[in-house]
Amino acid sequence: MGPEATARDGTRQLDAASAADANYAMPSSSAAAAADSDRLAARVAELERERTHLLAVIEILKEVSTSLHFIDILQAIARKLGEAFGLDRCSIFLADRGGRSVRLVASYEDPTIRNYVVDLDRYPELKRAMQNGETVFIPDAATDPSLKHVKSELINRRVKSITVVPITWRGVSIGAIFLRTFRDGPTFSDDDVRFVQVVASLTAQALRNAHRYERLAQRQQETGEVMRRMELERVALLSFLRRLLAAFGEREGAWAEGLLPRASAEELDRLVGVAMAVIQEEAKGR
């Protein structure tokens, strides 16, 4: 075999080895590409979730800014959360004075429910969140021991997870946001829980503003009633004095002012003018 044949054989062996190496490397490249694709898809899903959260916060802030009535505010928040997560249930509870009981004041699945007293013994997760002021997350409600008394109902409703986020103001639980997901629905993640905690903080501030507004409106109404009552008293007093003086003048006959010296009459006119001027200035100040 000549040198050229030997060289051709060596080239063919190198080509075969290169092809083998290439074939060996292909699975590794495919696996890396698949991993990159999975990471990209996960990142896209994360960004989409963040976008959904931001849009929900914007909508909630818009709803809060257009109303100062707390029932309307809470109903709007329950509706936005229910729509954002596709929930089985989203309810907002407020504690009664003293914190011994709670009332269901807003509901995503039934907006007609308002001011419904709730037995906390039937909702241990709600009771725990209200008493401890901490978020309660139950990933699988149907198998949770604390909910065995309603297990059949949870199974029939295809309930998956339950999340209860307390609404706190100055360290005190004044209410809670209750969320329940479907078993075949999206998983409720840690980011979702943190988002609901942000919404709970916004809710507490909105409730505080609404409370201040209602107190101010009540004070204005009370002040208006007081001013109206004072005005009626003034009118009644003046009417009484006018009738009394008229009756007295009719009995004395033409007031008998002719008996007074001219200087006294002029002084009386001057005093009346001064008194009316003082009354008018006081009225301006009020």
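Near ILE138, within a Cβ-to-Cβ distance under 11 Å, what is the net charge of the other residues, with Lys and Arg +1 and Asp and Glu -1?
Here the charged neighbours net out to 0.
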**Request:** Give the ranking of LEU74, LEU237 by solvent-accessible surface, highest area first, calculated with a 1.4 Å probe.
**Result:** LEU237, LEU74
**Protection proxy ranking, peptides 227-233, 85-91, average beta carbon neighbours within 10 Å, highest first** = 85-91, 227-233
**Interchain or long-range residues, amide H under 5 Å from ARG89's placed H** = ARG180
**Request:** Take the solvent-accessible surface of the protein heavy atoms, probe 1.4 Å, and return the percent of it on the range 90-139 that carbon and sulfur atoms account for.
**Result:** 44 percent
**Fill in**
Measure of exposure for ARG122: accessible area at 1.4 Å probe, Å² rounded to 10, is 110 Å²
**Prompt:** In what sequence, highest mean first, do 166-176, 273-283, 185-195 appear when ranked by Cβ atoms within 10 angstrom?
**Reply:** 166-176, 185-195, 273-283
**Prompt:** Could you name the lysines in cross-link range of LYS148, using Cα to Cα under 20 Å and dropping any fewer than eight places away on the same chain?
**Reply:** LYS127, LYS160
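The values are calculated or read from the model by the stated rules, or taken from the named source; none is laboratory data. Because the structure is a prediction, the values reported are computed rather than measured. Reconstructed Cβ throughout: ideal geometry from the backbone, glycine too, with neighbour counts over all protein chains shown. Accessible surface areas use protein heavy atoms only, side chains included; no ligands, DNA or RNA. Shrake-Rupley method; radii C 1.70, N 1.55, O 1.52, S 1.80 Å.
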